Amino acid sequence: MRNSLSTARVCTTFCLAIFLSCPLSLFGQSDSNGFLSRATAESQGVSSETIANMLSAMDREIDSMNSVMIVRHGKVIAEAWWSPHSGKTQHAMYSMSKSFTSTAAGFAVAEGKLNIDTPVIDFFPRDLPETLSENLKKMKVRHLLSMSCGHKDEARHDIFNLSRDPRQVKKINQDWAKIFLAHPVVYEPGTHFRYNSLGTYMVSAILQKVTGEKLIDYLKPRLFDPLHIENPYWEISPQGINKGGSGLFIKTEDMAKFGQFYLQKGKWNGKQLLPADWVNLATSRQISNGNNPDSDWAQGYCFQFWRCRHNIYRGDGAFSQFVVVIPEKDTVIASTADSGRYQDILNFYWDILLPALGDQALPENALAVQKLENVKSKLVAREGTSGSRVCKDLSIESKILGKTMKYSVYLPVGYPTTGYDYPVLYLLHGMSDDNNTWLNPQSGNLKKIADEWFKGRQSDKMIIVLPDAEVTWYMNSIDGTCRYEDYFFNELIPHIEKAYRCKTDKHNRAIAGLSMGGHGALLYAIHHPEMFRLCYAMSASVRTDEQLLAIEYQEFCRRYGVVCGKLNHQDDVAKVLPKMNWVLPMVQKMSPGQNTNVRFFLDCGKSDRFAQANRLLYAELKKRGCDVQLTIRDGDHNWNFWRQSLPLLFESISNSTASPQDKTISKRN
């Protein structure tokens, strides 16, 4: 019996050794659902305890890791997500996108559609500057791929940040290709390394010209479908070209598949999709990028890949997005983050994981596996370094109003980095304000207050939209010359919810405002209860008819002239009041139970001139069965009070809406 067991152990060990040394092409890489195979770390020659120790150290020392996936011999041996991230999270690749652009170039070369030694100017005869320098004439596609196109500095890198919102890129009137081609080519192409995202965009533009398809569409049947990379999203330039150098969103497992695809020299599930010669070319050193032996940014640059120490190469994106390929150890690491600790993250892989990649299977170790699971279960993402974004003075060409309308938007920390959907808050301004007043540090100071309140509250983060309403009172005017309410619901909201990753159901949409905006928020919640879960009115400009009639004639015209039309004398005021959408009379005419599916919050200062009318409005809403809460606290009709209102507003919304969640964002491409 002992001899039989010994023989079985020897055979098992021998078979595992053969398994670990088999050619990669013998293995299928994904199941029928498109997932990579899974295995214990020990079965593939790695200790689960070592991986657990590495993840623990990364969690302690790196500001915001989001995910890590390790693939050994074609099998996932470890996968970890820092909550709230998950296997469903689409993550921004930033410059990791460049490696996919290089892959598309390889397919085009293999199909005879592209020659990388073709001069760049041949593809853009209509976009060239009046005078062509000799260096520009010498620039070839291979120089774009190897970041050696000859520029001394990077051409307009800022447009990639601006273009995260398609409306904001209108600030840049010039075609992106023209911007690139007009940039001085100081060095002879091929002789000087200069990182250049717009150069990669030019590769995408060239590929769209030679294939007749956007980059994402060209890659779909050649790469994305075979690897089961589902619903990739890729941002576009104003010219409708995928950005190439950035803008791709995919999942962590998609990254791992991409790395495995390259590790296998372009082969997947037994089929050679991309020629191995291109893989070798694209991942070999094309130009020197430094001489620091301790830096993974100075080991040579390839075709949109980086060489690393230890004979490793990687795809690399801002805020530490990595696909690391270790050919000598038959291993791929895919990781996402929102961190500026690039080298430190790679050092964890080199110092802890790399030495632990053994050549033989290890005995299964239930305690080590349990330790790894315990570590993974406690991972929570901290605030990242990419920060929140504020985009000011964006515009909509309104057909309803017959003019350009402005708005600003606050995008929370994590919005640019992940593909989450977020609740949306429409925050309205007062009569003498505009779309930027809430953002002004001397008035609303919204960004700072929101950043501080949302810190550590991933589930509460939201998009905040700040529309400009001029002095329309958010109403349609009596004479129909100003139809702001129609614009708000028929143009602004559809525009926002198409342009940004908003949750588009009533339970994740809120309306709020101060003074005139408080009145507008109430008006919209009453007129459109199907649109909003919550209405938060700060110091709402609510008046009784008697109070309105008591306003001096000239002052009444100044305040309400846009919505009430031309008035000739004081008597006209009494005539227009019944025709206008004043909130208090509107509520007094409501039937009981008419607006019980909207939560109303009235927040007013004790010294505010509208406090009495807000109390009356509260009583009228309560009488009709509405869900309404009144807060009368110390304060007056000023920014000091309204800044204090913002955390109360956020708290109210967080108790009324769901959290950001994973989604597919390809519909916005």
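The values are calculated or read from the model by the stated rules, or taken from the named source; none is laboratory data. The model shown is predicted, which means the values in this text are computed figures rather than measured ones. With ideal geometry, Cβ positions are generated from the backbone for all residues, glycine too; neighbour counts draw on all protein chains shown. With ligands, DNA and RNA removed, areas are computed over all heavy atoms of the protein, side chains included. Shrake-Rupley method; radii C 1.70, N 1.55, O 1.52, S 1.80 Å.
Tabulated data for the structure shown
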| item | result |
| --- | --- |
| Approximate shape of the range 322-366 as ellipsoid semi-axes (Cα gyration tensor, √5λ), whole Å, largest first | 23, 12, 10 |
| Other-chain or far-sequence residues with amide H under 5 Å of Leu248's (modelled H) | Met93, Tyr94, Ser97, Glu235 |
| Förster radius 30 Å - calculated FRET efficiency between Asp545 and Lys623, Cβ distance, rounded to 0.05 | 0.95 |
| Ordering of 624-634, 50-60 by packing [mean C-beta count within 10 Å, highest first] | 50-60, 624-634 |
| FRET efficiency, Asn311 to Arg126 (Cβ-Cβ, R0 51 Å, nearest 0.05) | 0.70 |
| Hydrodynamic radius of the range 303-397 per Kirkwood, over alpha carbon pairs, in Å | 16.5 |
| Peptide ranges 183-195, 206-218 listed from the most packed, as the mean C-beta count within 10 angstrom indicates | 206-218, 183-195 |
| Rounded percent of accessible protein surface that carbon and sulfur make up, the chain, 1.4 Å probe | 49 |
| Amide proton proximity set for His85, modelled H, under 5 Å, gap of 5+ | Ala381 |
| Accessible surface ranking that places the most exposed of Glu485, Glu452, Glu470 first, with a 1.4 angstrom probe | Glu452, Glu470, Glu485 |
| 1.4 Å probe accessible area per residue over the chain, in Å² | 39 |
| Global geometry of the range 445-495, whether rounded, prolate or oblate, following the gyration tensor of its Cα atoms and the 1.5 cut on a/c | prolate |
| Nearest-0.05 FRET efficiency for Asn347 and Tyr187, computed from C-beta distance (R0 45 Å) | 0.90 |
| Cα long-axis angle, helix 48-61 against the chain (0 to 90 degrees, to the nearest 10) | 40 |
| Gyration tensor (alpha-carbon) shape descriptor, the range 180-275, a/c threshold 1.5 | prolate |
| Acute angle (nearest 10 degrees) that the helix 97-110 long axis makes with the longest principal axis of the chain, alpha-carbon atoms | 50 |
| Gain in span if fully extended, Phe489 to Gln588, counting 0.36 nm per residue against the direct Cα distance | 33.2 nm |
| Dimensions in Å of the range 262-312 - Rg and Dmax from alpha carbons | 12.7, 39 |
| Electrostatic dipole magnitude of the chain [Cβ: Lys, Arg +1; Asp, Glu -1; Cα centre; debye, to 20] | 680 |
| Pairs of lysines in the range 559-640 (C-alpha under 28 Å apart; 8 or more residues apart or interchain) | 12 |
| Simple label model, 7 Å out from Cα along Cβ direction - Arg643 to Gln174, nm | 4.1 |
| On Cα atoms only, tilt of 553-564 relative to the major axis of the chain in degrees | 50 |
| DSSP-defined beta bridges in the chain - what % are antiparallel, rounded to 5 | 65 |
| Nearest-10 value in Å² for the accessible area of Asp351, using the 1.4 Å probe | 110 |
| Greater than 29 Å apart at Cα, pairs in Lys257/Lys392; Lys220/Lys265; Lys152/Lys243 | Lys257/Lys392 |
| Translational diffusion coefficient (Stokes-Einstein; Kirkwood radius from C-alpha pairs) of the range 371-445 at 4 °C, 1.567 mPa s, in µm²/s | 83 |
| Shape category assigned to the range 271-345 from the gyration tensor of Cα positions, a/c cut at 1.5 | oblate |
